[in-house]
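The values are calculated or read from the model by the stated rules, or taken from the named source; none is laboratory data. Here the structure is a predicted model, which is why all the values come from computation and not from measurement. A quick note on method: Cβ atoms are made from the backbone with ideal geometry, for glycine too, and the neighbour counts reach across all protein chains shown. Surface areas here come from the heavy atoms of the whole protein model, side chains and all, with no ligands, DNA or RNA. Shrake-Rupley method; radii C 1.70, N 1.55, O 1.52, S 1.80 Å.
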Amino acid sequence: MKVSGLSHFPLGQPVPAKDHAVCVSLPTVKDLIGYEEKNSGTLAAMKSGYPRFVRNHIIQALVHHFEQDDADRKHESFLFTKVADCEFFLSLYQIEASELDEKDGLFRLRLAQGSKDAKNCRLFQQHTGSSISSRFAEDFLYQKGVIAKRELVASSKVPASEKICKVIAKAHGPKIDAKDVLLANSGANAFYCLFKAATEEARREKKKIWIRLGWLYLDTIKVMQLLLHQQSDEQVIELNNLDDITKLEKIFQSRGDEVAGVVTEFPTNPLLESFDLERVRELCDRNNSLLIVDPTMASPKNAKVSSLADVVVNSLTKYANWEGDVMMGSLVFPRESARGRRLMELTEGYISPPFDRDLKRLAEQIPYYENFIEHTNASNLKVANYLENHPKVKTVHWAYQKKCAQNYKKVAGSNSPGCVVSFELHIPFDGFYDSLRMLKSPSFGTEFTLCCPYVFLAHYSMMQSKEGKNQLSKAGISPFLLRLSIGLEPVDEIIAVLAESLDRSYSKS
C-alpha cells in the first residue's frame with residue numbers, strides 16, 4: 001500500500017498527491033455545497049477533481065496555451081480527440097454559433113462564454129467521456145516545449161493494451177479472450193459508444209423501447225436520455241426497485257417485440273442491488289432483446305456476468321486503477337452472443353481510445369488487480385458486518401444484503417462482495433461526515449479507503465426540488481446515503497475510524 005485514506009485531507013487535496021489523481025478531498029458538508037453551487041472560494045482550492053466533472057489544471061493550461069493568440073476572451077474552449085464527437089454534439093444540439101479548429105490532431109471547439117451551448121458541451125463531455133485526458137494534455141505541452149518534464153511511465157516488451165486486455169479477459173471468465181475486449185478512455189465513453197451503436201441497430205429493427213433496470217449511475221442515465229430524445233416515439237422505461245421484476249415480465253409479455261434491450265448494473269450503484277439476471281436473460285432471449293450489464297461496483301472478477309450478458313461494460317478507473325490516477329473503461333463482447341458481437345465493429349469505430357501513456361500507467365498497476373480485489377473482498381465482509389450491527393447505522397446496502405443476496409450469490413458465489421458498502425445513519429449526517437477521519441471524495445476501488453457522499457455529488461440538483469426528492473425517494477435513495485470504498489489499510493483500522501465518528505455524541509440538527 002502506497003497511500004492511506006485514513007486521515008483528514010484539506011479541501012482540494014488530490015489523492016494520491018499527483019497531477020493525474022482521480023480523487024480529490026471534499027472534507028465538509030460546506031465544501032460539498034460550495035463545490036456543487038460553484039462557490040468561487042471552493043473551486044479556487046481545487047486544481048483537479050474527478051476528471052469528467054472537473055477540468056484538470058493541466059488541461060486548463062493547454063486551453064490557455066491555445067488561447068494566447070486569440071484576440072478576444074469571449075469564448076470557452078472544449079478539446080476533443082475525435083472530430084466525430086464534436087460534430088455529433090453540434091448536430092445533436094443544433095448549434096450554429098461555434099468555431100472548430102484542429103491543432104496537431106487535437107480538435108478545439110469554441111463556444112460563447114457562459115452560454116447555454118457551453119453548458120451543454122460541458123455536460124456532453126462529462127456524460128460521454130469525449131474530452132482528452134490530463135496525460136494527453138501533459139504530453140502535448142511537453143512535445144511543444146511549453147513544459148520541461150512529464151510523468152515517467154514504464155514501457156515493456158508486451159504492448160500495454162495487450163497486457164491490460166489479457167488481465168481483464170481473465171477476470172470475466174474462461175470463455176472470454178483478450179480479442180473480445182475493447183478499451184475506451186473511460187467507462188462513460190465505453191457505455192456511450194456502445195449505446196450509440198445499439199440504438200442505431202434498434203432503429204433498423206424498428207424497436208423503440210429501452211428498459212433501465214435499477215437506479216443506475218448518473219451518466220448511464222443521462223446518456224440513455226441524450227441518445228433517445230432525438231426520436232419522439234422512443235422511450236426509456238425506468239424500473240428502479242427489486243420488486244419491479246414483475247413489471248419487467250409484464251412489459252415483455254405485452255410489448256416484447258418492441259423492446260430493444262435492457263440496461264442494468266450488477267449490483268447497482270449506489271444501492272448494490274442485484275436483480276435475477278438469469279430471469280432477465282431468459283426474457284431478453286425470448287424477445288431477441290439486447291442485455292447490457294455493468295458489474296463495475298463489485299468488479300467483473302467477482303460478478304462474472306459475461307455468460308448472461310450480450311455486452312459487459314466496466315469502468316477500469318475502479319479496481320484496475322487501484323492507485324487512483326487513470327481514467328479508462330472496457331467493453332466485453334462474449335463470442336456466444338450474436339446480438340452483442342453484431343455491435344462490436346460499429347462500437348469500436350465510435351470509441352475514444354485511451355491515450356498511450358494512460359495505457360502504460362494502467363499496465364503498471366494491472367498485475368495487482370486480482371490480489372487487490374481479493375483483499376478488499378475479505379475486508380468488506382468484516383466492515384459490512386460491523387455496520388449492520390451498529391445501533392447508529394440505519395440501513396446497510398451491500399452485495400449480500402438480505403433482500404437480493406440470493407440473486408448476487410447465484411452469479412458471484414460467496415465471500416466476493418467487492419470493496420463497496422453504502423449506508424444511512426440514525427445520527428446527524430453533517431456531524432458524522434465532517435468529523436470522519438477519512439478521505440471524502442468521489443470514486444471507489446482504490447487502495448486508499450474513501451467515503452463518497454453519493455447523492456450530493458451525483459444528484460445535488462434533485463435534492464433542491466420537491467419533484468427530485470420524490471424521485472429519489474421512490475427509488476429508495478436517501479440524500480444522506482454514504483458510499484464507502486474499502487482500501488488496503490488493515491480492516492481493524494478502517495473500522496476504528498468509522499467507530500470514532502459513529503460513537504461520538506451529536507446534537508440533533
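Observations on the structure shown:
- In a DSSP loop and with at most 10 other Cβ atoms within 10 Å, the trypsin sites (Lys or Arg not before Pro) in segment 157-219 are Lys157, Lys206.
- Contour excess over end-to-end distance, with Cα ends at Leu152 and Leu346 and 0.36 nm allotted per residue: 66.4 nm
- When segment 335-384 is described by a simple charge dipole with +1 on each Lys and Arg Cβ and -1 on each Asp and Glu Cβ, the residue from Ile351, Ala363, Asn377 located farthest towards its positive end is Ile351.
- Under 5 Å, built H, 5+ apart or other chain: amide partners of Asn241: Gly214
- Cα gyration tensor, segment 178-237 - rounded (a/c under 1.5), prolate or oblate: oblate
- Cα centre as origin, Lys/Arg/Asp/Glu Cβ charges: the chain dipole, Debye: 600 debye
- Sites Lys119 and Asp356 - FRET efficiency at Förster radius 45 Å, r taken between beta-carbons, to 0.05: 0.90
- Nitroxide proxy distance, nm - points 7 Å out along Cα→Cβ at Lys403 and Arg255: 2.5 nm
- Sparse-neighbourhood loop sites, trypsin sites (Lys or Arg not before Pro) in segment 256-307 - DSSP loop, at most 14 other Cβ within 10 angstrom: none
- Estimated [θ] at 222 nm from DSSP helical runs (n ≥ 4, -39500 (n - 2.57)) normalised by residues in the chain, nearest 500: -11500 deg cm²/dmol
- Of the GluC sites (Glu not before Pro) in segment 55-115, the ones in a loop by DSSP (not H, G, I, E or B) with at most 15 other beta carbons within 10 Å are Glu96.
- For the chain, the relative contact order works out to 18 percent when only alpha carbon pairs closer than 8 Å and six or more residues apart are counted.
- Karplus (6.51, -1.76, 1.60) ³J(HN,Hα), θ = phi - 60°, over segment 265-272, in Hz, Gly and Pro reported as x: 10, 9, x, 7, 10, x, 8, 6
- Between amide H atoms placed 1.01 Å from N, distances below 5 Å from Asp294 occur with Thr264, Glu265, Phe266, Val313, all of them 5 or more places distant or on a separate chain.
- Calculated from backbone phi, Karplus (6.51, -1.76, 1.60) coupling profile of segment 104-113 in Hz, x at Gly/Pro: 6, x, 10, 10, 10, 9, 10, 10, 4, 4
- Segment 340-387 versus segment 103-170: alpha-carbon centroid distance in Å: 18 Å
- Dimensionless Rg ratio for the chain, taking C-alpha atoms and the 2.2 N^0.38 Å reference: 0.94
- In this structure, the amide hydrogen of Val393, modeled 1.01 Å from its nitrogen in the peptide plane, lies closer than 5 angstrom to those of His426, counting only residues at least 5 positions away or on a different chain.
- Extension gain, Glu96 to Val236, is 47.5 nm, computed as 0.36 nm per intervening residue step minus the present C-alpha separation.
- Candidates Ile251, Leu62, Met46 compared by Cα position along the dipole of the chain: farthest toward the positive end lies Ile251, with charges placed on Cβ.
- Counted residue by residue at 0.36 nm each, then reduced by the alpha carbon distance between them, the extension gain from Arg286 to Ala61 reaches 75.7 nm.
- Karplus (6.51, -1.76, 1.60) ³J(HN,Hα), θ = phi - 60°, over segment 442-454, in Hz, Gly and Pro reported as x: x, 5, 6, x, 10, 5, 9, 5, 8, 10, 10, x, 3
- Taken as Cα centroids, segment 5-42 and segment 175-196 sit 30 Å apart, rounded to the nearest whole angstrom.
- Mean projected area of the Cα convex hull of segment 263-402, taken over all directions, amounts to 10.1 nm².
- Placing unit charges on the Cβ atoms only, positive for Lys and Arg and negative for Asp and Glu, gives segment 256-414 a dipole magnitude near 540 debye about its Cα centre.
- Computed over segment 367-509, the quotient of the alpha carbon radius of gyration and 2.2 N^0.38 Å is 1.07.
- Carbon and sulfur %, accessible surface of segment 411-459 computed with the full protein complex present, 1.4 Å: 41 percent
- Judged by the gyration tensor of its Cα atoms, with axes a ≥ b ≥ c, segment 103-237 is oblate; a/c meets the 1.5 cut and b/c is at least as large as a/b.
- Solvent exposure of the chain amounts to 41 Å² per residue of accessible area, where only protein heavy atoms count and the probe is 1.4 Å.
- Portion, in percent, of the accessible area of segment 14-90 that falls on carbon or sulfur, probe 1.4 Å: 53 percent
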